Ligand SMILES: [Zn+2]
């Protein structure tokens, strides 16, 4: 795996990888990490939330 979260790879993503984090509600942050919730749902979250445990 190369640097998927840096540089030109970001421009290929929807909104260039930015959006509102569903966990911490920060707007226009880069959402680059997949978080698996306790019920098996995948969320795309920011780097600050990537290790959180989320129950939805
Ligand atoms: Zn977040």
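Numbers below:
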item: Residues being in a loop (DSSP other than H, G, I, E, B) and either touching a helix residue (DSSP H, G or I) at 6+ places or on another chain (Cβ under 8 Å) or touching a residue at least 12 places away in the same chain (Cβ under 8 Å) (or both) - total across region 14-50; result: 13
item: Yes/no for residue 5 being assigned to a loop (DSSP other than H, G, I, E, B), at pLDDT 90 or above, within 15 Å of the ligand (Cβ to nearest atom) and touching a strand residue (DSSP E or B) at 6+ places or on another chain (Cβ under 9 Å); result: no
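The values are calculated or read from the model by the stated rules, or taken from the named source; none is laboratory data. All values derive from a computational prediction rather than experimental measurement. Note: ideal-geometry Cβ built from the backbone for every residue, glycine included; neighbour counts use all protein chains shown.
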